[in-house]
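Quick notes on the structure that follows.
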Amino acid sequence: MLKLGRRGDNLTPHHVPSNAYMKAKIQDYTTNQGIAIMVEHLSPGKGGRHRQTLSYGTSPDLTLSPRQTLAQEVWDIRSIYLRQRLYNTDIIKGLQELIKLNKTTWLTFFDKGVITP
C-alpha cells in the first residue's frame, strides 16, 4: 500500500478486500501489502464513506471466495458513491485500478474457481 494523503486531509485508505479477510486467507499477509482506495473518513454525515462500507468494523465472511469478496467490496464502494450521486469517471478508474492491482499483486488468488481454507 502506498502512503497517500496527509494528516488532516479527511481521507483514509479503505482496503479491498479488507485486511481481516486477507489476513485470514494469506499466510504472512501484512497491512502494508493490502490494496486500498482512498475514501473520506469523516464526511458526509455519520462517520464518512469509510464507515459506510460493509467491511468497516465487521468480521469478514470467510465462506466467500476471494473473487466473490473482491466483487462484493467493489460493488459496495460503487453503491455508496452512486447513492450520493458522486459516481463518476474518477471513481470508476479508481475501482478498476484497485481490481487490477489486486489481481496482479496476488496473481492467481482472485482467479475464478479458487477456493481458500
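The values are calculated or read from the model by the stated rules, or taken from the named source; none is laboratory data. Every value quoted in this text rests on a predicted model; they were computed, and no experiment measured them. Methodologically, a virtual Cβ is constructed for each residue, glycine included, from the backbone with ideal geometry; neighbour enumeration extends over all protein chains shown. Protein only, heavy atoms only, side chains kept; ligands, DNA and RNA dropped before computing areas. Shrake-Rupley method; radii C 1.70, N 1.55, O 1.52, S 1.80 Å.
Odds and ends about this structure:
- Scanning segment 53-64 for residues that are surrounded by 12 or more Cβ atoms within 10 Å (Cβ to Cβ) and out of contact with any strand residue (DSSP E or B) (no Cβ under 9 Å at 6 or more places or on another chain) yields a total of 5.
- One residue stands out among those in segment 13-52 that are of a type in the set (Ser, Thr, Tyr) and open to solvent by 30 Å² or more (accessible area, probe 1.4 Å): the one that is modelled with the lowest pLDDT, which is Ser43.
- Failed item in (1) more than 17 Å from Pro13 (Cα to Cα); (2) open to solvent by 90 Å² or more (accessible area, probe 1.4 Å), with Phe110 passing the rest: (2)
- Considering residues of segment 58-117 that are assigned to a helix (DSSP H, G or I) and of a type in the set (Gly, Ala, Ser) only, the residue farthest from Lys23 (Cα to Cα): Ser79
- Residue selected from segment 65-94 under the condition more than 16 Å from Leu11 (Cβ to Cβ) and in contact with a helix residue (DSSP H, G or I) (Cβ under 7 Å, 6 or more places away or on another chain), by the criterion surrounded by the fewest Cβ atoms within 10 Å (Cβ to Cβ): Arg78
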